[in-house]
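Following: one structure in structure tokens, then a few remarks.
The values are calculated or read from the model by the stated rules, or taken from the named source; none is laboratory data. Keep in mind that what you see is a predicted model, and the values were worked out from it rather than measured. Every residue, glycine as well, gets a Cβ built from its backbone with ideal geometry; the counts of neighbours run over all protein chains shown. Protein only, heavy atoms only, side chains kept; ligands, DNA and RNA dropped before computing areas. Shrake-Rupley method; radii C 1.70, N 1.55, O 1.52, S 1.80 Å.
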Amino acid sequence: RNLEGGGEEDQERETLLMSEMNSRLKDWIMERSVRLVDEITNANFVYYESLKKPMVLLFLDRKQSNRGLLASMKAVAKRFHGKLSFGWLDGVAYAGKMSALGLTSTKLPALAINTMQHGRFAFPSTGQFTESGFTLFVEDFLAGRLKPGSQAEEGE
């Protein structure tokens, strides 16, 4: 290799490498800026959206105790960390979002997965709101076994 030449080519390569490193660093920072499971609000939605990962959204009734549901969601979020983002919303305040995600009932709790590319996936109306129920739903989603669209009975 000519020691005197190639300066411009090397500089281009270095610029590309720095750009890639900056992009990875930004992704790393964003990933760690978002809690494992958090309430999704108008103020923080943009952070979740910037992750460009499917969002598992749990709609809750704030007037009820949701500790068990949130603990189950957190356990599932730990298991699938890095593949999806997880959050919860006030199902009363965001009833319109439930409908937009294909949840056909206003009954709470409710669960859906929202993706930028592949549509919306509603938790089956017969699904169990437990850690194992959430895990099965997420596994089926990741394996491509779910069809986008409205809420359906299991087995349809």
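If you add up the charges near Met116, with Lys and Arg at +1 and Asp and Glu at -1, over every other residue whose beta carbon is less than 15 angstrom from its beta carbon, what do you get? Net local charge, Met116 excluded: +3.
Hey, for a label at Ser99 modelled as a point 7 Å past Cα toward Cβ, could you say which residues of segment 34-54 have their backbone N under 20 Å away? Of the residues in segment 34-54, 42 have backbone N under 20 Å from the label point off Ser99.
Probe radius 1.4 Å, ligands and nucleic acids left out: which of Leu51, Leu16, Leu60, Leu70 has the largest accessible area, and how do the rest follow?
From most exposed to least exposed: Leu16, Leu70, Leu51, Leu60.
With the whole protein complex present, Leu136 retains an accessible surface near 90 Å², based on a 1.4 Å probe. Taking only the C-alpha atoms of segment 81-156, Rg followed by Dmax gives 11.7, 32 Å.
In this structure, the pairs whose alpha-carbon distance is over 19 Å, taken from Lys52/Lys83; Lys83/Lys107; Lys53/Lys74; Lys53/Lys78, are Lys83/Lys107.
Quick one: plug the Kirkwood hydrodynamic radius of segment 34-115 (C-alpha pairs) into Stokes-Einstein at 37 °C, 0.692 mPa s, and report D in µm²/s. Translational D for this selection: 257 µm²/s. Accessible-area rank, largest first, for Arg67, Arg13: Arg67, Arg13, with all protein chains present and a 1.4 angstrom probe.
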